[in-house]
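This report refers to the structure that appears directly beneath it.
FYI, it's all coordinate maths here, none of it is from the lab. Values in this document were obtained by computation on a predicted structure and should not be read as measured data. Methodologically, a virtual Cβ is constructed for each residue, glycine included, from the backbone with ideal geometry; neighbour enumeration extends over all protein chains shown.
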Amino acid sequence: MSFLDEKILFDQEMDTYYARLNTDITYLEDELHRESSEHPEWLSYQCKTLGYKRMAEHCPVHVFRHCPFYFEINTGRPRTDLGTGGLGGWMKREPFGAQLAASSIEWLSSYHKSGLSSGWAVLDDNHHTLGYENVFRYGLKGLIKKAEEHLSSATTEREREFLRSVVSGNQALINIAARFAYEANNILEDETNPVIIQRLKRITSTSIRIPAEPPSTFYEALNTIIFLFYVVQSIEGNGISVFGHPDRILLPYYRRDITAGHITPEEAKDLLRAFLAISDIRYGMKKAHGTHVGTNGTVTIGGCDKDGEPIFNELTEMILKAHQELHLIDPKINARISAKHPQEFYELLAQFMASGDNSLAIFNDDVIIPANIRMEKKPEDCRLYVGGGCQENVLANTEVNSRATLYLNLMHVFLMGFFPEKWDFFTKQRELALSKYHECAKFDDFYETFLQNLKIVVDAHIDERNRTESEGWRYNPCPLHSSTIDDCIEKGLDMMEGGARYSYGSISLTGIGTLIDSLFAVREVFYNRKIVSLMKLQDILEQDFRGHEAFRLFLVNRIPKFGQDDEAILSFSSQVFADLARVTSGKPNSRGGCYEASLFSFRSFVSFGEKTGATPDGRKAGQHLSQGMSPSLLALGEKCSISQVLEALKPLDLSLYPVVAVLDIKLPATRGGYESESIVPVIKRFLEAGGSVLQINYIDQEILREAKENPELHRDLIVRVSGYSSYFHILTEQIQNEIIARAIAAQRRL
């Protein structure tokens, strides 16, 4: 029986399970809080060990009859939780953790309300990846052995307790896996379907060995990823978003099984269907109403191995086609590609995009790998990056992700120079002094004032994040997760206190296209052409262009904008991109790493725009900011074709943005169908122009309008929003309107 035949049954089985599930296990958490309070001398790792043992003993596991893998454990997490809640996160609710979170939320709340910034409180406890390959190499027993060997040479009690907790956490996982064997055996007693009987027997025989031992078959390797992905985050309280790089790390198992006759290509593809579909079904993606849900899950394909040899093989094609067959939203596909890859890979990606499943992002290895090497990371590590949840990258097996954690509104920072008094609540809190524009006699002075203000704002956010992240090992230590990441066991250090080989972070900048257009407009209308004074421009902005519509249209239509074919704006854009990277990079974080430049905006370009006043590019108050590194909506149209946008990338050095810089493009489609041939040249020109990450929505504006008016007729329409994909009908009206507006602009500029 194919998974295509069972998918609906699995979906129904998951619905029934969660409808009947009692996720209220507060009695267990009460016990943990009570026992830890009786031992104030305990380090956080001893508390974590206590939690591991209790969850392994008491949290029920569940085997689904219509799924080949075992992975579900009830730690009290709601169905749509991103892995941060439930009993696994109990230490965050200890008195210390609760106080730290409250202080972080208080600090961020005023900035979030004002639209200056948004982010996760305390630290980024989502978007992480596990070191799957280390589990493949050693098995959990091997990780325990490594920890025990280093325990004998540990020099401090803190190191010893960390390593003891590593041992306890991995043993807890082994015990949980063994309980799946018991659960599958229970179901077998009443099962009559021969296909399901065979499946349950395989789960029974596999779960007592895997992942305690390294996997030896394609099935075991796949189940190792699924088991670790769901169970580790459930008992660690730390969200994991990355399903790894399966066409690279699973290939040896696949080819060995094929050669030995243990599996057929169709059987392997069917396992991949189930592997990919679990996320979509478990999180109820097709049942969401009014909001986006999901894991932030990503699967990386393509790219290269540690020696730089391109990855493109049977599994690459299987993954793309299985995802397309199932019409999935989650996990998203992050396709790494370079000039070394064959034409066939480009064509497969184009066909995937043309299918209308807008769940794909293109990552340019020829930019992203050198960008990470530039940050003094080993080339062989940089070549093994994966997508970290949205579009930010993280190095597999060696790096802790802290990149999708803080988002900053560049246009609020820009407007601070005009209206510094509006930000007294920010500056007085930290005793900061913002500079004003009104005394800037030259544009260079104006521009430098903006950069100075930006650095003040960025540094203040980093200082606050360092304050809270430095307590991460007490707030929610992750010895189990850490044991899979290179160097943590060797150092005797948790990933939350700098144990990983790389612990970089970023503040993602929102609105760079709007910023470039606004800076350039000031240079033109005041400093070069002297059309208005700075004070007059300030008044016009404060009035949201009321009574000055002719001037606003002049700004919109007569002043060049980023993405348009104009030598002056192209040169200026290059300078701004470089300067923003310089100002926002290099400051140390609390875990031995530093901050890297980042340009991806998730949903913040909408929410920030709604709270941002009028800007000198002609944008009115409340309108969206530009998305990622894309041109603004005001730039799009006849003067800003797809070709011109790609040409605008050439002067930029996007290797200054190792976290990635995301270009979002909407390509118009017609009711007659989608043409993949039109997409291949776009991908190639993007790579040749030096782009970093490309997102394409290939959609028909008329269908979008229909879907907005009659959502019941288009419940299967998927669109790429920013760092995630979603069914169009569940999005807010504001986001729907933004996607429609970009689709219209895309049609105009072709």
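Stretch Ala621-Tyr182 to full length: gain in nm at 0.36 nm per residue minus the Cα-Cα span?
That works out to 152.0 nm of additional length.
Taking θ as phi - 60°, what are the ³J(HN,Hα) couplings along the range 643-658 by the Karplus curve (6.51, -1.76, 1.60), each to the nearest whole Hz, with x for Gly and Pro?
4, 5, 4, 5, 5, 5, 6, 4, x, 8, 9, 7, 6, 6, 10, x
What distance in nm separates the simple spin-label points at Arg546 and His327, each placed 7 Å from Cα in the Cβ direction?
4.8
Please list the non-local residues whose amide H lies under 5 Å from the amide H of Glu72, H modeled 1.01 Å from N, same-chain partners needing a gap of 5 or more.
The list, which skips near neighbours in sequence, is His62.
Sequence gap at least 6, Cα distance under 8 Å: using those rules, report the relative contact order of the range 506-665 to the nearest whole percent.
In percent, rounded to a whole number, it is 35.
Quick one: Karplus J couplings for the range 105-118, per residue in order, coefficients 6.51, -1.76, 1.60, θ = phi - 60°, nearest Hz, x for Gly and Pro?
Working through the residues one at a time gives 4, 4, 5, 7, 4, 5, 6, 5, 4, 7, x, 6, 7, 8 Hz.
Restricting to Cα pairs below 8 Å that are 6+ residues apart, what does the relative contact order work out to for the chain? Please round to a whole percent.
15
Quick check on packing: order 483-489, 104-110 by the mean number of other C-beta atoms within 10 Å, highest mean leading.
Highest to lowest by the protection proxy: 483-489, 104-110.
Amide H of Cys304 versus every other amide H placed in the peptide plane: which residues, excluding those fewer than 5 positions away on the same chain, fall under 5 Å?
For Cys304, whose amide H was placed from the backbone, the distant partners under 5 Å are Ile311.
Starting from the Cα-Cα distance between Lys422 and Ile105, subtract it from 0.36 nm times their residue separation and give me the gain in nm to one decimal.
Net length gain for the segment: 112.0 nm.
Mind checking which lysines have their Cα closer than 25 Å to the Cα of Lys269? Skip sequence neighbours fewer than 8 apart in that chain.
Lys7, Lys201, Lys286, Lys321, Lys332
For a quick check: sort Lys536, Lys442 by the number of other beta carbons within 10 angstrom, fewest at the front.
Fewest to most other Cβ atoms nearby, the residues stand as Lys442, Lys536.
Highest mean first, what order results for 73-81, 195-203, 604-612 on Cβ atoms within 10 Å?
Put in order of decreasing packing, that is 604-612, 73-81, 195-203.
Past 24 Å, Cα to Cα, is the threshold; run Lys422/Lys561; Lys428/Lys611; Lys650/Lys684 against it and keep the listed order.
Table pairs above 24 Å Cα-Cα are Lys422/Lys561.
7 Å from Cα along Cα→Cβ at both Asn466 and Ala339: what's the point-to-point distance in nm?
3.9
State, to one decimal in nm, how far the label point of Ala568 lies from the label point of Lys639, with both points 7 Å from Cα in the Cβ direction.
1.1
Using the 10 angstrom Cβ neighbour count as an exposure proxy, how do Lys340, Lys321 rank, fewest first?
Result, fewest neighbours first: Lys340, Lys321.
At 222 nm, what helix-only mean residue ellipticity would the chain give, in deg cm²/dmol to the nearest 500, using -39500 (n - 2.57) for each DSSP H run of four or more?
It comes out at -15000 deg cm²/dmol, rounded to the nearest 500.
For the pair Lys378 and Leu432, what calculated FRET efficiency results from E = 1/(1 + (r/R0)^6), where r is the Cβ-Cβ distance and R0 = 35 Å, to the nearest 0.05?
Rounded to the nearest 0.05, the efficiency is 0.40.
Can you list the aspartates and glutamates whose alpha carbon is less than 17 Å from that of Lys442, not counting same-chain residues fewer than 8 positions off?
Hits, sequence-local ones excluded: Glu524.
Lys666's amide H: which non-local residues (gap 5+, or another chain) put their own amide H closer than 5 Å, with H modeled 1.01 Å from N in plane and none for Pro or chain starts?
Asn697
With a Förster radius of 30 Å, plug the Cβ-Cβ distance of Ala441 and Leu553 into 1/(1 + (r/R0)^6) and report the FRET value to the nearest 0.05.
E between Ala441 and Leu553, to the nearest 0.05, is 0.55.
For Glu490 and Glu309, FRET efficiency with R0 = 22 Å and r from the beta-carbon atoms, rounded to 0.05?
Rounded to the nearest 0.05, the efficiency is 0.20.
Rounded to the nearest Å, what's the spacing between the alpha carbon centres of the range 37-51 and the range 455-504? Just the number, please.
Between the Cα centres of the range 37-51 and the range 455-504 lies a distance of 20 Å.
Among Thr16, Thr514, rank each residue by its count of other Cβ atoms within 10 Å, from fewest to most, as a rough exposure measure.
Thr16, Thr514
Enumerate the calculated ³J(HN,Hα) couplings along the range 17-32 in order (Karplus 6.51 cos²θ - 1.76 cosθ + 1.60, θ = phi - 60°), each rounded to whole Hz, writing x wherever the residue is Gly or Pro.
Computed from phi, the couplings for the range 17-32 are 4, 6, 5, 9, 6, 9, 8, 8, 10, 5, 4, 5, 5, 4, 5, 5 Hz.
Dipole of the chain, Cα-centred, from +1 at each Lys and Arg C-beta and -1 at each Asp and Glu C-beta, to the nearest 20 debye?
Rounded to the nearest 20 debye, it is 900 debye.
State the answer as a single residue: which of Thr615, Ala661, Asn589 lies farthest towards the positive end of the charge dipole of the range 506-665, with beta carbon charges of +1 for Lys and Arg and -1 for Asp and Glu, about the Cα centre.
Towards the positive end, the residue furthest out is Asn589.
Could you list the square roots of 5 times each eigenvalue of the Cα gyration tensor of the range 176-264, that is, the equivalent ellipsoid semi-axes, sorted largest first and rounded to whole Å?
That gives 23, 21, 10 Å for the three semi-axes.
Here are a few candidate values for semi-axes √(5λ) of the Cα gyration tensor in Å: [x] 63, 26, 21; [y] 44, 31, 23; [z] 41, 39, 24. Which one was actually calculated from the structure I just gave you?
Given [x] 63, 26, 21; [y] 44, 31, 23; [z] 41, 39, 24, the calculated one carries the label [y].
For the range 506-665, what is the convex hull volume of the alpha-carbon atoms per residue, in Å³?
Per residue, the Cα convex hull of the range 506-665 comes to 119 Å³.
Counting only DSSP beta bridges with both residues in the chain, what percent are antiparallel, rounded to the nearest 5?
Antiparallel bridges: around 40 percent, rounded to the nearest 5.
Might you report the magnitude of the Cβ-based charge dipole of the range 506-665 about its Cα centre, with Lys and Arg at +1 and Asp and Glu at -1, to the nearest 20 debye?
Computed charge dipole of the range 506-665: roughly 340 debye.
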